[in-house]
Amino acid sequence: WIPVVGLEIHAQISSKSKLFSGSQVQFAAPPNSLVSFFDASLPGTLPVLNRRCVEAAVMTGLALNCSINKKSLFDRKHYFYADLPAGYQITQQRVPIAVNGSLSYSLCIDNKMSQMVTKTVRIKQIQLEQDSGKSLHDDTRSQTLVDLNRAGVGLMEVVMEPDMCCGEEAAAAVRELQLILQTLGSSQAVMAEGQLRVDANVSVHHPGEPYGVRTEVKNINSIRFLAKAVDYEIQRQIEELENGGTILNETRAFDSKLGCTVPMRDKEGKQDYRFMPEPNLPPLILYDAKSLPANMNHQQVINIDWIHERLPDLPSVKREKLVEQYGILPEHSFTLLNEDGLAEFFESVVKQTQMKPKKVIGWILNDLLSYLKQHSLTVKESPVSSFVLADLLNLLEKKEISSTAAKQVLAELWKGEGKTPLEIVKVQKLELLQDQKELEQICQAVIDGQENEVMAIKAGNQKVLNKLIGLVQRKTQGRSNPVLVKQLLEKKLSE
């Protein structure tokens, strides 16, 4: 079986006001507190297009290698639902703002970070449209309440071609899109707040045969759930067909508690949205440097070239720069960018420490990141600042403490008691033993107490030496330099 996956992604545009009205956009505001007459669809109200939303869509289109249509049109899409007061949504059905783009994303093979493959998904179009309100179903009172705060909020719908074949690919593509949107500032793309919602179209077919009947899994609100929903749906369809059943062209929802998709409504009776041109909005005309009229007021037009020149470095370029500048592994650059604020944290530590970036990355990815994950904290919430971590790594680099001691200090710093690394080292007596005579005596005592190990080493088993180094480390409570200990032990064993 060959699975086919295509995605439709709704990204909420990062803008202070809505797409066609001056109402404020704010998450979790009191119900119905941000609704203008236009949002509530009072007769006689007219839409006024928000410039910021158009610029965000152009910026996103350029970042995704799309052609920007200099003339795009608005349409009405009719459907009747409690949270859509007008009975239609204003969207761009016939001529959207951007078409024919592509998005490259990378994913690991067999969960191995060191083996990454880059794939590309084609982007059919990006269209501007307004969001609907929110229906809240109160089962205890058996009533539905409607909150129109979200009605009319600007969305970009990114339609991807069916170029993917599994949940992991879909998740990697959406994660890359999310990073691009956040880098551009065109959407905050926080899935937990509904700023990025994904619909997945899934079908399966045999090689050489036409595509199978597809189902649509609606409103997936996390990247992890997206991967699970797509993989579950592929498996479900294969089992259904192998057991002689048929796949219905239906809309399904993903139940994250049960880990499966469940039917919502069928699409057999194709809904007629009765698309028609939006009579209250003229065509949206954009310009570039060539077509810009000389006497035009710049405040009243949007110049595609001007936006293009101001695009920031996209995640793929940032990764390349990190690899080039610091000599880190490509897979490490992915981890640095995937965690919000981690790349900046890493660069800040590198600037403030004498330690080589290749060693710094180990401390950040293995130690700091695992602490943050354990306590469900973001990089910005870390009790250990980049300045403090740099301080600690400088002590290690100057050979004032061992790496074992550095890990102990980091554990103390994590408590957030405001002590500096040096204060913790002094209080806990974690400085490296500088007295070589004392260290030699400890090494000798370990050798004397481990006859079997000594015989094994003399017989050629060098691995056993690590055990002796560990014992010296334990006796000195991690205050000995392992490299020096190894040299002293080798010297004594060869005497």
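Quick rundown of the values:
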quantity	calculated
So Ala40, is it over 23 Å from Glu157 (Cα atoms) and open to solvent by 10 Å² or more (accessible area, probe 1.4 Å)	no
Pairs with Cβ under 7 Å, 6+ apart, first in segment 79-97 and assigned by the TED database to the domain that holds Val159, second assigned to a strand (DSSP E or B) and open to solvent by 60 Å² or more (accessible area, probe 1.4 Å)	Ala82/Thr144; Asp83/Lys134; Val95/Lys71
Flag if Ile223 is in contact with a helix residue (DSSP H, G or I) (Cβ under 7 Å, 6 or more places away or on another chain) and at pLDDT below 90	no
Hits in segment 340-351 (condition: surrounded by fewer than 19 Cβ atoms within 10 Å (Cβ to Cβ) and either within 20 Å of Leu377 (Cα to Cα) or modelled with pLDDT under 90 (or both))	Asp340, Gly341, Glu344, Glu347, Ser348
Candidate set: segment 60-100, residues that are under 20 Å from Met164 (Cα atoms) and part of a strand (DSSP E or B); chosen: the one most open to solvent (accessible area, probe 1.4 Å)	Asn100
Meets criteria (open to solvent by 50 Å² or more (accessible area, probe 1.4 Å), under 25 Å from Val25 (Cβ atoms) and in a loop (DSSP other than H, G, I, E, B)) for Gln182	no
Residue check for Leu49: out of contact with any Phe, Trp or Tyr (no Cβ under 8 Å at 6 or more places or on another chain) and outside any strand (DSSP E or B)	no
Matching residues, segment 109-124, being surrounded by fewer than 21 Cβ atoms within 10 Å (Cβ to Cβ) and either in contact (Cβ under 8 Å) with a residue 12 or more places away in the chain or touching a Lys or Arg at 6+ places or on another chain (Cβ under 7 Å) (or both)	Met113, Ser114, Met116, Thr118, Lys119, Thr120, Arg122, Lys124
Single match in Val409, Val427 (criterion: closer than 14 Å to Trp363 by Cβ and either touching a Lys or Arg at 6+ places or on another chain (Cβ under 8 Å) or buried (at least 19 other Cβ atoms within 10 Å of the Cβ) (or both))	Val409
Options Lys124, Lys71; residue that is farther than 14 Å from Val158 by Cα, in the same structural domain as Cys165 (by the TED database) and in contact with a strand residue (DSSP E or B) (Cβ under 9 Å, 6 or more places away or on another chain)	Lys71
Top-ranked residue of segment 320-339 - restricted to ones that are over 15 Å from Gln182 (Cα atoms) and of a type in the set (D, E, K, R), ranked as surrounded by the fewest Cβ atoms within 10 Å (Cβ to Cβ)	Glu324
Subset of segment 1-37 that is of a type in the set (A, V, I, L, M, F, W, C) and open to solvent by 80 Å² or more (accessible area, probe 1.4 Å) - its residue that is nearest to Val121 (Cα to Cα)	Trp1
Matching residues in segment 220-235 - criterion: being among the hydrophobic types (A, V, I, L, M, F, W, C) and not in a helix (DSSP H, G or I)	Ile220
Options Pro293, Pro279, Pro263: the member that is assigned to a strand (DSSP E or B) and not charged (D, E, K, R)	Pro263
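The values are calculated or read from the model by the stated rules, or taken from the named source; none is laboratory data. Computed from a predicted structure; not experimentally measured. A quick note on method: Cβ atoms are made from the backbone with ideal geometry, for glycine too, and the neighbour counts reach across all protein chains shown. Accessible surface is based on the protein model in full, side chains and every heavy atom, while ligands, DNA and RNA are left aside. Shrake-Rupley method; radii C 1.70, N 1.55, O 1.52, S 1.80 Å.
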